[in-house]
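First the structure, in the form of structure tokens, and then the observations on it.
The values are calculated or read from the model by the stated rules, or taken from the named source; none is laboratory data. Source: prediction; values computed, not measured. Cβ placement follows ideal geometry from the backbone for every residue including glycine, while neighbour counts extend to all protein chains displayed.
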Amino acid sequence: MAVTDARFALAEGPRWDAVTRRLLWVDILGRACFLGRLERDRLVVETRHDFDAHVGAAARADDGSLLVATGRRLTTVRPDGTRIAGEPIGLVGRRDRFNDGVCDARGRFLVGTVSLDGAHRSQRLLQVGADGVTVLDDDLGLSNGLGFSPDGATLYSVDSVPGTVWRRDYDHDTGRVGPRTRLLDLSDRTPDGLAVDEHGRLWIAIHGAGEVHRYDPRGTLAAVVAVPCPHTTSVAFAGDGLDRLVITTAFGELSDAERAAAPLSGSVFVAEPDCRGLPTFAWSGRLPVPPPRTRRPE
């Protein structure tokens with residue numbers, strides 16, 4: 001069921017915030033970040049923040065501040081609207097930008113990169129905390145969806161090109177990770193964003209297929225959710241019971257004929273799965289020093 005009247009060029013990164021009971025998501029090509037109220041059959045946009053660069057991902061801190069990955073920078077938006085724009089992170093290439101991101105249980109921000117000119121095998125997955133930036137991967141094609149197992153001990157990460165889902169041990173206290181191993185080889189499709197449910201199953205948006213696939217923890221395909229538009233981009237469990245599956249989509253890379261054939265492309269959809277999801281971890285509100293530039297809202 002489509003729950004938005006608006007169409008987004010590249011909606012991505014949905015995250016449910018249980019504190020405010022609001023959905024957070026971004027439009028990468030639309031260069032904006034949104035907060036909205038999820039009703040039974042409608043997602044109502046309540047707050048929109050516009051930026052002058054692509055918006056790859058966003059996270060919320062307990063004090064209401066937002067961390068927004070914009071271009072090669074991390075920008076903080078305070079509750080009063082004040083923006084603190086970080087300097088470009090040198091570990092992100094000049095022709096790359098931030099893509100999908102997620103927070104761990106201690107509020108570190110894990111965020112990947114994608115090339116703007118098609119360069120592969122050089123993209124990175126970074127871990128950003130108050131004590132600095134750590135490179136977790138530096139050989140990716142297109143870093144994408146991220147999520148943790150129900151016990152938090154396993155980090156799942158998507159490399160959309162060539163279509164691999166990785167898993168590795170993860171220590172939330174120290175931020176240390178174990179060696180990565182391949183969970184899924186999806187080289188015949190393009191995995192995008194993901195979410196993990198209470199049973200440890202992975203729900204993965206398959207870009208270009210108009211589907212969300214559910215895999216058990218061993219990597220077996222167990223269910224498929226179809227969406228009436230080709231470019232499914234990401235998923236999240238939302239609602240007070242975390243029992244509604246939000247699915248984001250995009251129209252930005254479709255031709256006029258493809259958009260006419262799939263007029264709901266760019267909508268946000270909600271499905272009713274037979275399970276609940278996992279709570280989202282909040283951002284710590286802390287970034288590495290030195291302090292970045294600050295400006296007041298316009």
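Here are the numbers for the structure shown:
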| read-out | value |
| --- | --- |
| Sole exception among (1) touching a residue at least 40 places away in the same chain (Cβ under 8 Å); (2) buried (at least 16 other Cβ atoms within 10 Å of the Cβ); (3) under 21 Å from D274 (Cα atoms) for E198, by number | (2) |
| Residue that is modelled with the lowest pLDDT [pool: residues in region 223-260 that are among the polar types (S, T, N, Q) and over 17 Å from T280 (Cβ atoms)] | S255 |
| Conditions (1) over 30 Å from S65 (Cα atoms); (2) touching a residue at least 60 places away in the same chain (Cβ under 8 Å); number of the one not met by A238 | (1) |
| Output for region 263-277, where each listed residue is in contact (Cβ under 8 Å) with a residue 40 or more places away in the chain and part of a loop (DSSP other than H, G, I, E, B) | L264, S265, G266, S267, P273, C275, R276 |
| Some residue of region 185-194 being hydrophobic (A, V, I, L, M, F, W, C), within 20 Å of the chain's Cα centre (by Cα) and within 21 Å of P279 (Cβ to Cβ) | yes |
| Residue within region 201-215 that is among the basic types (K, R), in contact with a Pro (Cβ under 9 Å, 6 or more places away or on another chain) and closer than 22 Å to E272 by Cβ present | yes |
| Cross-chain or 6+ apart pairs with Cβ under 6 Å, region 83-99 first and of a type outside the set (S, T, Y), then modelled with pLDDT of 95 or more and not in a strand (DSSP E or B) | P88/R72; I89/R72; V92/R72; R97/H54; R97/G71 |
| Positions within region 240-262 being assigned to a strand (DSSP E or B) and of a type in the set (A, V, I, L, M), in sequence order | L245, V246, I247, A250 |
| Residue in region 64-94 that is surrounded by the fewest Cβ atoms within 10 Å (Cβ to Cβ), counting only those that are at pLDDT 95 or above and among the charged types (D, E, K, R) | R78 |
| Test result for L29, touching a Leu at 6+ places or on another chain (Cβ under 7 Å), surrounded by 16 or more Cβ atoms within 10 Å (Cβ to Cβ) and in contact (Cβ under 8 Å) with a residue 60 or more places away in the chain | yes |
| Filter result (at pLDDT 95 or above and either under 12 Å from L155 (Cα atoms) or assigned to a loop (DSSP other than H, G, I, E, B) (or both)) within region 110-124 | L110 |
| One residue from T174, T164 being surrounded by fewer than 15 Cβ atoms within 10 Å (Cβ to Cβ), among the hydroxyl-bearing types (S, T, Y) and on the phi < 0 side of the Ramachandran plot | T174 |
| Cβ-Cβ under 6 Å pairs, at least 6 apart or on other chains, region 203-231 side basic (K, R), far side part of a loop (DSSP other than H, G, I, E, B) | R214/R201 |
| Residue in region 1-26 that is surrounded by the most Cβ atoms within 10 Å (Cβ to Cβ), counting only those that are of a type in the set (D, E, K, R) and over 13 Å from the mean Cα position of the chain (by Cα) | R7 |
| Residue in region 68-76 that is in contact (Cβ under 8 Å) with a residue 24 or more places away in the chain and more than 30 Å from T4 (Cα to Cα) present | no |
| Residue match in region 132-142 (condition: at pLDDT below 95, surrounded by fewer than 18 Cβ atoms within 10 Å (Cβ to Cβ) and either in a strand (DSSP E or B) or out of contact with any Asp or Glu (no Cβ under 9 Å at 6 or more places or on another chain) (or both)) | yes |
